[in-house]
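Working notes for the structure below.
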Amino acid sequence: MKAVYIERHGGPDVLKYGEVNDPIIESNEVLVNVKACALNRLDLYTRAGRRGTKRNFESPHVLGSDVSGIIIEVGSSVVGIEVGMRVLVNPRITCMQCNQCVSNRSELCLNTSMVGSEIMGGYAERLAVPSTSVFPIPDSLGFAEAASLPTVFMPSWNILVRTAQLQPWETVLVPSASSGVGTAAVQVARNISKATVIATTSTKEKMDKALDIGAHHVVNYREEDLETRIKEITDGEGVNVVIDHVGTELWNSVNRSLSIGARYGICGVTSGYRAELQMGAMFTRYLTMFGVFMGRPEDLHHTIFHAGKGTIRGIIDSVYPLEEARKAHETMESLNFFGKLILTTN
């Protein structure tokens with residue numbers, strides 16, 4: 001089959017388009033005819049061998065976590081899934097057998113793998129995954145938009161709705177509104193939780209787009225002092241919830257802008273890992289800080305349902321044919337985009 005693969009770590013130039021072996025499914029797996037695959041920051045890290053993704057290349061590796069397509073083959077022990085179904089893949093595969101999984105806390109499963117990172121991914125014409133990892137999608141949801149959902153909406157739903165329990169009378173801060181997580185979090189906070197949304201971004205064009213998708217206030221962090229603007233917008237109260245996928249760069253100013261009882265959720269550290277935590281403020285101001293990586297299957301169910309109804313939508317910047325994956329990686333590294341970058345197959 002045709003695929004984009006890597007045989008060594010490096011820059012976008014290591015991405016090759018050509019033939020790789022077709023996947024062979026196990027009895028508990030399904031074969032997906034890939035229609036679309038979204039790019040994620042993890043693809044760049046895995047390609048470069050950074051942040052714990054270094055691998056030995058015994059065979060070509062295919063990137064790509066967020067995959068949508070059509071079921072074309074079903075394993076012998078699979079029930080409830082039929083050939084021809086339109087599906088979206090949950091990119092985080094769990095064992096479904098441990099105590100955490102059977103008690104509906106699969107995000108705590110220790111026996112996990114990530115599609116496109118630990119195992120073969122969706123930069124290809126076909127993908128084999130466990131049957132428990134595919135979710136039907138409605139006809140109202142296109143393949144490109146479906147592929148734009150999992151890795152950005154699952155942590156957003158997990159942090160804002162399920163864990164922080166963001167309320168309509170509260171204010172949430174969404175840093176980097178132009179990113180995939182940013183565009184998802186703005187919509188979940190505004191359209192699902194009905195909260196007031198403060199977003200940050202870096203240009204006038206991105207500010208306008210953030211307002212278009214639901215942000216009430218947008219701060220240009222390159223031109224304005226974020227801490228000052230948060231105090232102005234919230235009348236000195238501060239923000240009640242933060243969804244942080246940025247990391248070190250905004251940590252100090254945001255932590256000085258938290259309300260009493262604020263909840264601070266972390267799902268990424270693109271600008272750096274290390275920060276100083278003021279433990280005194282943790283107990284005197286009743287602060288809660290927590291981390292999530294993706295979410296539960298129910299978070300993806302909610303996402304698909306609301307995307308199908310149009311309550312939320314995947315924000316897509318650009319769509320590329322599979323063979324132009326290198327160009328898509330270069331665009332992602334440039335940071336000159338708003339929303340998701342998508343690869344599609346014929």
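The fraction of accessible area contributed by carbon and sulfur in region 1-83 is 44 percent, rounded to a whole number (1.4 Å probe; ligands and nucleic acids excluded).
Largest GNM mean-square fluctuation among GLU107, GLU29, GLU205, using the chain with Cα springs under 10 Å: GLU205. The stretch between LYS194 and ASP22 holds 57.4 nm of extra length on full extension. This uses 0.36 nm per residue minus the Cα-Cα distance. The modelled label-to-label distance between PHE293 and GLU73, using points 7 Å beyond Cα along the C-beta direction, is 3.0 nm. Computed with a 1.4 Å probe over protein heavy atoms only, the accessible area of TYR320 comes to about 20 Å². Note on region 197-263: the C-alpha convex hull projects to 4.4 nm² when averaged across all orientations. Hey, with R₀ at 41 Å, roughly what FRET efficiency would ASN336 and MET96 work out to, going by the Cβ-Cβ distance, to 0.05? The formula returns an efficiency of 0.55 here. On the basis of the beta-carbon distance and an R0 of 22 Å, THR203 and LYS231 show a calculated FRET efficiency of 0.40.
Across the alpha-carbon set of region 295-346, the Rg to Rh ratio works out to 1.08, Rh being the Kirkwood radius.
Annotation for TYR286 and SER253: the two label points, set 7 Å from Cα along the Cα-Cβ direction, are 2.9 nm apart. Annotation: amide H-H contacts under 5 Å for ILE213 (H modelled 1.01 Å from N, sequence separation of 5 or more, or interchain): none.
Of all lysines in the structure, the ones whose alpha carbon falls short of 18 Å from that of LYS206, not counting any fewer than 8 places away in one chain, are LYS340. Fully extending the segment from GLN165 to ASN111 would add 16.6 nm, taking 0.36 nm per residue of separation and subtracting the current Cα-Cα distance.
Translational diffusion of the chain was estimated from the Stokes-Einstein equation, with Rh taken as the Kirkwood radius over Cα pairs; at 20 °C and 1.002 mPa s the coefficient is 104 µm²/s.
Excluding ligands, DNA and RNA, the accessible surface per residue across the chain is 44 Å² with a 1.4 Å probe. For the chain, the 222 nm mean residue ellipticity estimated from helices alone, with every DSSP H stretch of n ≥ 4 adding -39500 (n - 2.57) and the total spread over all residues, rounds to -6500 deg cm²/dmol.
Among beta bridges from DSSP that stay inside the chain, the antiparallel ones total about 55%.
How much of the accessible area of region 244-346, in percent, comes from carbon and sulfur atoms when a 1.4 Å probe is used? Carbon and sulfur: 53 percent of the exposed surface of region 244-346.
The values are calculated or read from the model by the stated rules, or taken from the named source; none is laboratory data. On a predicted model such as this, the values are computed, not experimentally measured, just so you know. Every residue, glycine among them, receives a Cβ derived from its backbone with ideal geometry; neighbour counts consider all protein chains shown. Ligands, DNA and RNA are excluded from the accessible area calculation, which covers all protein heavy atoms including side chains. Shrake-Rupley method; radii C 1.70, N 1.55, O 1.52, S 1.80 Å.
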